[in-house]
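Remarks on the structure that follows.
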Amino acid sequence: MQGPALYDQLTTLLRTTTDVSSVLLCLEEFAASFYSGKTHEEQQQILKKLSPQVSVLLTEAFAKELITPENQIRIKRQIDELTDKLRTSKKLQMTLAFQPDEETITIFSNWIKKNVAQDLLLELHFDKSIVGGAVIIAGGEYRDYSVRKNLSNRFQIQRDEIMGLLG
């Protein structure tokens, strides 16, 4: 399995831009191993640093067969194409007031993949000053669903009312 099919399957398994960074590092290390004299088993161990599902997928795609001088250029080209696509994947930037745990990240990612786009990746940020809710940036669109914004709007309304009474 190569090309778009591999990318599509991989992006269904990846949740965040951090996940993508881990895959990119492993693929870089794996490709560098072609010229280092590592054994086939050692090359496969590089990919096992990733989650089990991602590891199996990439091992099937790139490390199932022994890497030889005859096939290493083809495999390296396929890795380069995949890494280019991963680097340019669509992202949804989400700023939260709390550090999400793995379960919460999975819930957010699953919802986005089901309801927005299968290949969309989360780029998570933490900012306790938003108090609660989230700030979302996707496709050049900025949306502020934070508690900070709602409180600020409410205080502005009350300020205007008080100033009207005084004025």
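Key figures
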| read-out | value |
| --- | --- |
| Search result, residues across the stretch 67-101 that are farther than 28 Å from Ala31 by Cβ and within 13 Å of the chain's Cα centre (by Cα) | Leu92, Gln93, Met94 |
| Among residues of the stretch 50-102, those that are in contact (Cβ under 8 Å) with a residue 60 or more places away in the chain and under 30 Å from Arg143 (Cα atoms), counted | 5 |
| Number of the condition not met by Pro69 [criteria: (1) surrounded by 15 or more Cβ atoms within 10 Å (Cβ to Cβ); (2) farther than 17 Å from Ala5 by Cα; (3) not assigned by TED's automatic domain parsing to the domain that holds Ala138] | (1) |
| Conditions (1) closer than 17 Å to Thr83 by Cβ; (2) surrounded by 12 or more Cβ atoms within 10 Å (Cβ to Cβ); number of the one not met by Gln44 | (1) |
| Test set (1) of a type in the set (Phe, Trp, Tyr); (2) more than 21 Å from Gln9 (Cβ to Cβ); (3) outside the structural domain of Arg148 (by TED's automatic domain parsing) - Phe98 fails condition number | (3) |
| Leading residue by the ranking (modelled with the lowest pLDDT) among those in the stretch 125-167 that are within 30 Å of Leu6 (Cα to Cα) and open to solvent by less than 50 Å² (accessible area, probe 1.4 Å) | Ala138 |
| Subset tally (residues that are part of a helix (DSSP H, G or I), among the hydroxyl-bearing types (Ser, Thr, Tyr) and under 16 Å from Ser22 (Cβ atoms)) for the stretch 71-110 | 3 |
| Of the criteria (1) without any contact (Cβ under 8 Å) to a residue 40 or more places away in the chain; (2) in contact with a Lys or Arg (Cβ under 9 Å, 6 or more places away or on another chain); (3) of a type outside the set (Ser, Thr, Tyr), which one Arg15 fails | (1) |
| The stretch 10-38 - residue that is assigned to a loop (DSSP other than H, G, I, E, B) and out of contact with any strand residue (DSSP E or B) (no Cβ under 8 Å at 6 or more places or on another chain) and, of those, surrounded by the fewest Cβ atoms within 10 Å (Cβ to Cβ) | Gly37 |
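The values are calculated or read from the model by the stated rules, or taken from the named source; none is laboratory data. A quick note: this is a predicted structure, and the numbers were derived from the prediction, not measured. Glycine also receives a Cβ, built like all others from the backbone with ideal geometry; neighbour counts cover every protein chain displayed. The area values use the complete protein model at the heavy-atom level, side chains included, leaving out ligands, DNA and RNA. Shrake-Rupley method; radii C 1.70, N 1.55, O 1.52, S 1.80 Å.
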